[in-house]
């Protein structure tokens, strides 16, 4: 029963994050844009930063949960965790969608599923075996997305990104 509750909560948090990204995207100055493409280098830098941020946030929440002595504080910390996931999840959505677009795959559906997978498994961090399995799956997934080359020319998702561009010496 606990698994169904966590899957339901992660689905709800995922929907809220999806609604958030759809509302913020026009005003985000291309930071949270789900259209376009990012290359492997941009993906690696972004996913390393985002994964480190998520890991620090999870450690913070875990430390707070370790010192809880009353039930209302426990629920407040869990609410803080869900709020943090709602804020961080749109960045995962954006990275996955744009990287899959670069490869030539339809990124919206797959990217949202990958982001919700990360959220659902982060709810089980206290269970060390599940967390280690989760890390292995995420490293394989990120390794695939980081190593798989994108399409060289234009595809239906736009032109390839040129950052960092090769400097032309005159």
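The values are calculated or read from the model by the stated rules, or taken from the named source; none is laboratory data. Since the structure is predicted, the reported quantities are computational estimates derived from the model, not experimental observations. Glycine gets a Cβ as well: all are built from the backbone with ideal geometry, and neighbour counts include every protein chain shown.
Tabulated values for the structure
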| quantity | calculated |
| --- | --- |
| Residue list for the stretch 47-77, restricted to those being assigned to a helix (DSSP H, G or I), over 20 Å from residue 145 (Cα atoms) and touching a helix residue (DSSP H, G or I) at 6+ places or on another chain (Cβ under 8 Å) | 57, 58, 61, 64, 65, 74, 77 |
| Flag if residue 137 is part of a helix (DSSP H, G or I) and at pLDDT 85 or above | no |
| Residue 4 being at pLDDT 85 or above and under 23 Å from residue 135 (Cα atoms) | no |
| Within the stretch 95-108, considering residues that are out of contact with any helix residue (DSSP H, G or I) (no Cβ under 7 Å at 6 or more places or on another chain) and part of a helix (DSSP H, G or I), the one farthest from residue 158 (Cα to Cα) | 103 |
| Close pairs (7 angstrom Cβ cut-off, 6 or more residues apart or separate chains): under 11 Å from residue 141 (Cβ atoms) in the stretch 98-118, in a loop (DSSP other than H, G, I, E, B) and at pLDDT 75 or above anywhere | 99/38 |
| Residue in the stretch 23-45 that is more than 17 Å from residue 111 (Cβ to Cβ), crowded, with 16+ Cβ neighbours inside 10 Å and touching a residue at least 60 places away in the same chain (Cβ under 8 Å) present | no |
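Residue-by-condition table, conditions (1) in contact with a helix residue (DSSP H, G or I) (Cβ under 9 Å, 6 or more places away or on another chain); (2) part of a helix (DSSP H, G or I); (3) at pLDDT below 85:
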| site | (1), (2), (3) |
| --- | --- |
| 20 | yes, yes, no |
| 32 | yes, no, yes |
| 91 | yes, yes, no |
| 110 | yes, yes, yes |
